[in-house]
Amino acid sequence: MIRNQWYVILESKEVDRKPRKFRRMGESLVLWRDQEGKVACLVDRCCHRGVALSAGKIVQGKVQCPFHGLEYDGSGACTCIPANSRIAAVPDNCRVPAYPVHEEHGWIWIWWGDAGTGRSPDTQPGDEVSTLAHNAGITQPESTPLYFPDIDGHFSMATVKDPWNTHYSRVLENQLDVVHLPFVHHNTIGRGNRTVVDGPGVEWIDGRMLYTYVFNRVDDGTPPRTPREVPVPPPDSDFKIELIMPNLWENRISGKLRIVAAFVPVDEEHTVLYLRTYQRILQVPVFRSLFNRMMCRSNLFIAHQDRRVVQTQVPRRSALRGGEQLIQGDLPIIEYRRKRDELLDAAAGERR
Ligand code: FES
Ligand SMILES: [Fe+2]
């Protein structure tokens, strides 16, 4: 997991005005909505004596620890220590780490900034990251998260969640894998025995969004074209796969149908795959929701074809130089791994 990135971690509907506990990014987090509906996200551990804040309640938009009643606002600052009396000033270091939250498109992102809240699994042994630095501030984001610009209010949507027992990088890479289609999905989306992979074409947009173009075909005895030999379609065309670092993906199936996936890290060995259908084929509410439900079921069926294979991959976490014998068709995966290493290096540089 890469520090100093915006990660989709939940859907909007999963957070309400009660304190909710979620395991994400290898940490226990508590999320809730304040009186204005704004979402807050804190490390789920009271700075007094370590109780889970998610076991407490919300009092005037703040989370109250169930043990001795300390209250925290959305910035993680303790605003009241009842035993010291309501009028007593609260020491500045009486706080818990808070992750900046962004809510849009029915998703909740957190800025997983450097915080000293725990060792990032991608940091090296010896890195100075305290595991209990409760009073450390989180580095703040410089911008809001990126989303797919082609998705507008004309689409209706429905989402399914699917737990996978592997690192999120493996789940993500599976969605960039154009080689596996005729094998894993021989009876669904990979029908037709198109085993030869021309290209695939890849293109980075603004260094953050990767476009992949699929050119699979039946083996006619000719060698695959190289990535340089395949055409790069214009940016607004359909039939392509897009990746937004670090954990969002879109498949533009047609002008009226898209699948978006979020690869949400739970910890080093667990991921929740969110699969969302966006469509504007059907507008009448009853048909629309029927169609969306059907799409969710079919997406899940296809994801389970992937899951039974991907969960066997070792090591759990992928790596650019991990001893795997990669082939030309793996280019989108190689591009992802390169970018991931680049962002990990940048995050490590910011920490120094
Ligand atoms: S442990 Fe939370 S108030 Fe004491
Ligand atoms: Fe697949």
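Annotations for the structure displayed:
- Residue-by-residue Karplus 3J(HN,Hα) for segment 335-352, coefficients 6.51, -1.76, 1.60, Hz, glycine and proline x: 4, 4, 5, 4, 5, 4, 4, 4, 5, 5, 5, 5, 5, 5, x, 5, 6, 6
- Prolate/oblate/rounded label for the chain (Cα gyration tensor, a/c 1.5): prolate
- Selection from 141, 112, 46 lying farthest towards where the dipole of the chain points positive, charges on Cβ: 46
- Under 12 Å, Cβ to Cβ, from residue 161 - net charge with Lys/Arg +1 and Asp/Glu -1: -1
- Given 21/256; 38/339; 21/339; 21/62, the pairs whose alpha carbons are separated by over 27 Å: 21/256; 38/339; 21/339
- Counting only protein heavy atoms and a 1.4 Å probe, segment 1-121 has 41 square angstrom of accessible area per residue.
- Extended-chain gain in nm, criterion 0.36 nm per residue less alpha-carbon gap, residue 14 and residue 186: 58.4 nm
- 3J(HN,Hα) couplings calculated from phi for segment 210-226 with the Karplus curve 6.51 cos²θ - 1.76 cosθ + 1.60 (θ = phi - 60°) are, in sequence order, 9, 9, 10, 10, 9, 9, 7, 8, 5, 6, 10, x, 9, x, x, 5, 7 Hz; Gly and Pro show x.
- Potential lengthening between residue 232 and residue 294 on full extension [0.36 nm per residue; Cα-Cα distance subtracted]: 19.1 nm
- Coil-residue GluC sites (Glu not before Pro) of segment 1-67, DSSP, other Cβ within 10 Å capped at 10: 36
- The trypsin sites (Lys or Arg not before Pro) found in segment 1-96 that occupy coil by DSSP, while having at most 16 further C-beta atoms within 10 Å, are 17, 38, 49, 86.
- For segment 156-346: accessible area per residue (Å², 1.4 Å): 48
- Label-to-label distance for residue 68 and residue 350 is 3.4 nm, based on points extended 7 Å past Cα in the beta-carbon direction.
The values are calculated or read from the model by the stated rules, or taken from the named source; none is laboratory data. Not measured: the values here are computed from a predicted model. Methodologically, a virtual Cβ is constructed for each residue, glycine included, from the backbone with ideal geometry; neighbour enumeration extends over all protein chains shown. These area figures cover heavy atoms from the full protein model, side chains too; ligands, DNA and RNA do not enter into them. Shrake-Rupley method; radii C 1.70, N 1.55, O 1.52, S 1.80 Å.
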